[in-house]
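The values are calculated or read from the model by the stated rules, or taken from the named source; none is laboratory data. Note that the structure is predicted; figures quoted are calculated from it, not measured. Ideal geometry is used to build each Cβ from the backbone, glycine not excepted, and the neighbour counts take in all protein chains shown. Each accessible area value is taken on the protein alone, full model and side chains, heavy atoms only, with ligands, DNA and RNA left out. Shrake-Rupley method; radii C 1.70, N 1.55, O 1.52, S 1.80 Å.
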Amino acid sequence: MSNSASLRVRFAPSPTGSLHIGSARTALFNWLLARQSGGAFILRIEDTDRARNVAGADRKIVEDLRWLGLEWDEGIDVGGPDGPYYQSQRLPLYEQAAGKLLEAGRAYYAFDTPQELEAMRKQALAQRRPLTYPRPASFPDEGDVRKARAAGKPVVVRFQMLAEDITVHDEVMGDVTVAAAELDDFIIRKADGMPTYHLANVVDDHAMSIDLVLRGQEFLAQTPRHLALQRALGYPTPRYAHMPLTMDMKGRKLSKRDGAVEVFAFRQAGYLPEALLNFIALLGWSPGGDREKMTIHEMIELFSIERISRVNARFDRDKLLAFNTHAAATASEERLLAALDDWLPLNPDSPLSKANLDPDMKRTLLEVNKGFRTFADLETRSGFIYLPDEAIRYDPAAVRKVLAKGDGAGFKMLEMLLPMLEAVEPWTPETLEALMHGLCESHSVGMGQVAQPIRVAVSGSTISPAIYDTLALLGKDKTLTRIRRALAERA
């Protein structure tokens, strides 16, 4: 189906934690449709499940969406004609809908205690049948409600499902029919007076004139309930499209056992938002052919529901890292500086953050670390430069392999180099490079035999930028101090 008509779409997360990578994909796909069609992208917070809400989670979701560049046209923070955009502030709308269903006989009160519901579940399990709620022969009236509340019983409202099969016309998965026997009466208003997800979702999608509901496949099983509610309330049914699940490389549900699954974690690890967006766009969607690398503007142009796959997507972390490496290598200096300025405050314990680097030093840091995969590599390769000398810890394996090996050849090289380095003026990458090349030629040794002992001496490990750049950034005094300290380690 064509996406050319102007669409009103929404992203409606629950504030139960940080923005999951799968939720970010849902937001991206909806945003692309809105931008492509000249429609509206709406951000709604579904916060009626008070037991699961996490304080401040909504603000974190907002920050991560904005970091990704997925700004919304209507919703929290920006307002709009259909607000408020927190469901907890829209309770009269849900109460009105529940009242309409009660009055029409399409909903009824129920007073089952948790213990009674658990007994029903156990009985169904023992009889090896699915649990279906036993609808009463006659519905309780307001007097029964008052008595139940006086007795301390929970009072909920259940929706009465009609005895008919329901078919969801899904634009990704095709027609999905659920038999009437699998659809029982479900709760639409909880005992605390809050609506369930089903009622609030349906009421808000109607009130906000949502044309297309694009969401994860995990919601497909709930959609027949939403269609039933829409029909009972006299609402039109929006288009539905459910995306495939995102799995790990072993075909399991994506979880923290294999690493980060939240946008903030990738942000904190030093990924670029444009690389992450490009990667998650390909989780269950393809622009066609072998094309993979795309700008956000190209995604807007190429995106279509028709090219969303029915097959579960695989989250390939190595591929994401390759995407980010490419994005960092091709980004302008100004873009990288802006991204670095975002990353540093998120890692306050990093030596790079504590160093309060000025713009020129940041440019130098980016230059000498060209080829980095994420900003975290900058810390791994160069963080030692900004540590106090006494904070350097020597990797025992590096000392054995580089300094102590061959009857202490590395230590001997440091002893030879120390007076030469003391005499170097000016202290620049060029003069340092000339010194070391001259030493290599005069002693017929490779650069590694000169550079690696210095690298271990000043960093504690075998990882750093090019040795001339490293020493220039470190400075003469700190370089000499660390070499002397390394020589003292021999004893």
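For Thr428, what accessible area in Å² do you get when you roll a 1.4 Å probe over the heavy atoms of the protein chains, rounding to the nearest 10?
Here the residue's solvent-accessible area equals roughly 40 Å².
Could you tell me the ratio Rg/Rh of region 168-254? Both radii from Cα atoms, Rh via Kirkwood.
Working: Rg = 14.4 Å, Rh = 14.3 Å.
Across region 168-254, the Cα-based Rg/Rh ratio is 1.00.
So for region 330-432, Kirkwood radius off the Cα pairs, Stokes-Einstein at 20 °C and 1.002 mPa s: how many µm² s⁻¹?
Once the numbers are plugged in, D ends up at 132 µm²/s.
Working only with C-alpha atoms, what are the Rg and Dmax values of the chain, expressed in angstrom?
30.8, 103
Have a look at region 122-186 and give its Rg and Dmax from the Cα atoms, expressed in angstrom.
Answer for region 122-186, Rg first and Dmax second: 16.6, 49 Å.
Distance cut-off 30 Å, Cα to Cα: go down the list Lys412/Lys476; Lys405/Lys478; Lys60/Lys122; Lys250/Lys370 and report the pairs above it.
Values: Lys412/Lys476 20 Å; Lys405/Lys478 25 Å; Lys60/Lys122 40 Å; Lys250/Lys370 33 Å.
Correct reply: Lys60/Lys122; Lys250/Lys370.
Just grab the label-to-label distance for Arg52 and Leu233, each label 7 Å out from Cα along the Cβ direction, in nm (one decimal).
1.9 nm
For Lys100, go through the lysines and keep the ones whose alpha-carbon is under 29 Å away, minus same-chain ones fewer than eight residues off.
Lys147, Lys153, Lys190
Accessible area, 1.4 Å probe, largest first: how do Val456, Val399 sort?
Numbers: Val456 0, Val399 35 Å².
In descending accessible area the options line up as Val399, Val456.
Is the shape of region 432-476 rounded, prolate or oblate, going by the alpha carbon gyration tensor and its root eigenvalues a ≥ b ≥ c, with a/c under 1.5 for rounded and a/b larger than b/c for prolate?
Note, shape of region 432-476 comes out oblate.
Might you work out the accessible area of Thr237 for me, using a 1.4 Å probe with all protein chains in place, and round it to the nearest 10 Å²?
Counting only protein heavy atoms, Thr237 exposes about 70 Å² to solvent.
Once the cut-off is 25 Å, how many percent of the Cα-Cα pairs in region 1-149 end up in the long-distance tail?
Tail fraction, whole percent: 52.
Determine the percent antiparallel among the DSSP beta bridges restricted to region 150-302, to the nearest 5.
Restricted to region 150-302, the bridges split so that about 60 percent are antiparallel.
Over region 146-225, average the accessible area per residue using a 1.4 Å probe and give it in Å², no decimals.
For region 146-225, the solvent-accessible area averages 42 Å² per residue.
If you find the alpha carbon centre of region 169-209 and of region 359-435, how far apart are they in angstrom?
Using only Cα atoms, the two centres lie 61 Å from each other.
May I ask which residue of Ala331, Ser350, Leu320 lies farthest towards the positive end of the charge dipole of region 313-354, with charges of +1 (Lys, Arg) and -1 (Asp, Glu) on Cβ and the Cα centre as origin?
Most positive-ward Cα: Leu320.
Largest first, how would His443, His226, His198, His297 line up by accessible area (1.4 Å probe)?
Solvent-accessible surface, decreasing: His297, His443, His198, His226.
Debye sum, Cα scatterers, region 238-306, no solvent: what log₁₀ I/I(0) at q = 0.13, 0.16, 0.22 1/Å?
Evaluating at q = 0.13, 0.16, 0.22 Å⁻¹ gives log10 I(q)/I(0) of -0.48, -0.71, -1.14.
Give the residue from Gln160, Leu473, Leu68 lying farthest towards the positive end of the charge dipole for the chain; charges sit on Cβ (+1 for Lys and Arg, -1 for Asp and Glu) and the dipole is referred to the Cα centre.
Ranked along the dipole, the leading option is Gln160.
At 1.4 Å probe size, with no ligands or nucleic acids counted, give the accessible surface of Glu63 in Å², nearest ten.
The accessible area of Glu63 comes to roughly 100 Å².
Give a quick list of trypsin sites (Lys or Arg not before Pro) in region 304-348 that DSSP marks as loop, anything other than H, G, I, E or B, with at most 16 other Cβ atoms within 10 Å. Spell out each step's value before the answer.
Working: sites: Arg307, Arg310, Arg314, Arg317, Lys319, Arg335; in loops: Arg310.
Passing both the DSSP loop test and the Cβ count: Arg310.
Suppose each label sits 7 Å from its Cα in the direction of the beta carbon; what would the Ser255-Glu164 distance come out to in nanometres?
Using points 7 Å along Cα→Cβ, the separation is 4.1 nm.
Rounded to the nearest 20 Debye, what is the dipole magnitude of region 343-491 about its Cα centre when Lys and Arg each give +1 and Asp and Glu each give -1 at the C-beta?
It works out to roughly 480 debye.
Assuming 0.36 nm per residue, please report the length gained on full extension of the stretch Arg307 to Ala466 beyond their Cα-Cα distance.
52.7 nm
Using Cα positions and a limit of under 20 Å, work out the aspartates and glutamates in reach of Lys253, with same-chain residues fewer than 8 apart set aside.
Cross-link targets: Glu218, Glu262, Asp316, Asp318.
Over the chain, calculate the relative contact order: mean separation of alpha carbon pairs under 8 Å at least 6 apart, over the residue count, as a percent. Please list the in-between numbers first.
Details: 685 pairs, mean separation 59.5, N = 491.
Relative contact order for the chain comes out at 12 percent.
Just the number, please: carbon plus sulfur as a percent of the accessible area of region 2-49, 1.4 Å probe, no ligands or DNA/RNA counted.
Here it works out to 46 percent.
Please report, as a whole percent, how much of the solvent-accessible surface of region 340-385 comes from carbon and sulfur atoms (probe radius 1.4 Å).
Details: 990 of 2130 Å².
C and S atoms contribute 47 percent here.
Roughly how many whole Å is it from the C-alpha centroid of region 231-259 to that of region 114-161?
Each part's Cα centre sits 29 Å from the other's.
Ordering Trp427, Trp31 by how much accessible area each has at a 1.4 Å probe, largest first, what is the list? It would help to have the intermediate numbers written out before the result.
Numbers: Trp427 45, Trp31 25 Å².
Of Trp427, Trp31, the descending order of accessible area is Trp427, Trp31.
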